Amino acid sequence: MSQLKKHKLCPRAWYFAKVLRLPEPTTGAQQVGTEGHAQLEHYLSTGEDVLGAFAKAGAHLLPTPGPDLLVEQPLDGAPPLTAGGIPFTGFIDLVDARQLASDGVLRITDHKFTSNVVRNAATPEQLADANTEPGLQMVGYAAWALSQVERFPGLRELELEHLYYQTRGQRLAVSVVASVPVGHVAREWRTKVEPQVEAMKAHAQAARAADVPANYGPACTKYGGCPFMAKCLTGENKTMSLRDKLLSKPSESVPTTVAAVDLPAVLPPDAPHPTPVQVAPEVAEQPAPKRRGRPRKASEAEQLSLTPPTSKSDLRVLFVDCVPTKHDGPRPESLTGYVDDMHRKVAEAGGVDDVRFAGSDSSLGFGKWRGALAMAARAELPPPGIYTALGVAQSELMQVIVEALEPSFDVVVRGIR
């Protein structure tokens, strides 16, 4: 089931780990979870209290130990759990059939060790939905139970439980349970899990990581960060760079040269008059040295003493919610065309019309489009020149692009409100 979860989170990360078999580092949090699971397994199997501080906080939520409990139950027993002809391996932490004879209810529990229960705990709705990461695992465990007809006669309802143990701060344990009928489990498995298994089979045949989709956004930073991020974004080991996926060719919406004309002040109606912004001639003759982090804003004194670069300069200058009042250089170009072009490419890559309305089944859903759009912008910068970004506060797309581009621009000047 862990492979299903990894593939659900990001197909390309799964490809790196399970097809290319690239090593993954072990974290301290994983070690805490491993030790806690071992303590719980021993306690539930033998009754001997070896629970550590974290696991002990949830002792009152556990069933009384006994030989009738199925502890660390393998999925590959007789018959094994399969989908698309592929058998699953793994272990269910706890299966409690004590209510089966009287009520037809079977409880399946998965122990979760987490730093913050309130922030990280799943909801009952998520546990019952195989389109979510926690639900995918629990629906899989429930599907195994449905296959054990002789072992669980009269089964009509499953209680899918995540039992959380907090590892930071207060010693705390919380039980989250979703009660679902057997028909619900069968539908979730048939309509959501089996299609994903077919997708995994297709992705496993890919000749390179470039051919496997990636879920940019939260998946890149979840669980301490994806260990394959550098390979995914830079194309190392012939894996796909972001440009290969989202940017098929350089943007055509932003011209490389613009006519040199006098520019009157142009501002949004509610904006204050900007301080005239200029770039010194000596700066215009050569590129500014790159600095780490965000470019600093020009001070008022610097703004008054600078002259904008000419069209021959290879500097990138960005005016945010302001424009220069007058100068002899090229006319600044609105960043709107570039934003529209980047949005179009990311939307096409994600198979949606507008990234802001991507559904939950899309790789851009749940706000993941922001990370994808920012990566697309950093991978294909606009050509050197002078750009204006007006009305940033009113456009989510513009906000994401401006924030992504700032570290790569040589000069960034913001209007003061």
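The values are calculated or read from the model by the stated rules, or taken from the named source; none is laboratory data. Keep in mind that this is a model prediction, so the values were computed, not measured. Here the Cβ positions follow ideal geometry from the backbone for every residue, glycine too, while neighbour counts run over all protein chains shown. To get the accessible areas, we keep the full protein, side chains included, count just its heavy atoms, and leave off ligands, DNA and RNA. Shrake-Rupley method; radii C 1.70, N 1.55, O 1.52, S 1.80 Å.
Observations, loosely collected:
- Between residue 414 and 298, 320, the built amide H atoms are under 5 Å apart, and every one of these is 5 or more places off in sequence or on another chain.
- Subtracting the Cα-Cα distance of residue 118 and residue 354 from 0.36 nm times their residue separation leaves 81.7 nm of extension gain.
- Note that region 193-200 has calculated 3J(HN,Hα) couplings of 6, 4, x, 5, 4, 4, 5, 5 Hz, one per residue in order, obtained from phi through the Karplus relation 6.51 cos²θ - 1.76 cosθ + 1.60 (θ = phi - 60°); glycine and proline are x.
- Within region 160-191, backbone nitrogen closer than 15 Å to the virtual label 7 Å beyond the Cα of residue 49 toward Cβ: none
- Estimated from the Cβ-Cβ distance and a Förster radius of 41 angstrom, the FRET efficiency linking residue 89 and residue 381 is about 0.35.
- Couplings 3J(HN,Hα) for region 117-131, derived from phi with the Karplus relation 6.51 cos²θ - 1.76 cosθ + 1.60 (θ = phi - 60°), are 5, 4, 7, 9, 5, 6, 9, x, 4, 5, 5, 9, 10, 6, 7 Hz, where x marks Gly and Pro.
- Using a Förster distance of 22 Å, the FRET efficiency for residue 64-residue 170 (Cβ separation, nearest 0.05): 0.30
- Label-point separation, residue 147 to residue 362 (7 Å along Cα→Cβ), nm: 3.5
- Three-way shape label, region 166-230, alpha-carbon gyration tensor, a/c 1.5: oblate
- Averaging the Cα positions of each part gives two centres, and for region 155-202 and region 71-148 these lie 5 Å apart.
- Residue-normalised accessible area of region 1-78, given per residue in Å² at a 1.4 Å probe: 52
- Among the listed pairs 56/192; 231/368; 231/345; 6/56; 56/368, those with a Cα-Cα distance over 31 Å are 56/192; 56/368.
- Modelled FRET efficiency - R0 45 Å, residue 18 with residue 334, Cβ distances, 0.05 increments: 0.50
- The length gained on full extension between residue 31 and residue 205, counted as 0.36 nm times the residue separation minus their Cα-Cα distance, comes to 59.4 nm.
- Computed over region 373-417, relative contact order equals 48 percent, with contacts defined as Cα pairs under 8 Å that lie 6+ residues apart.
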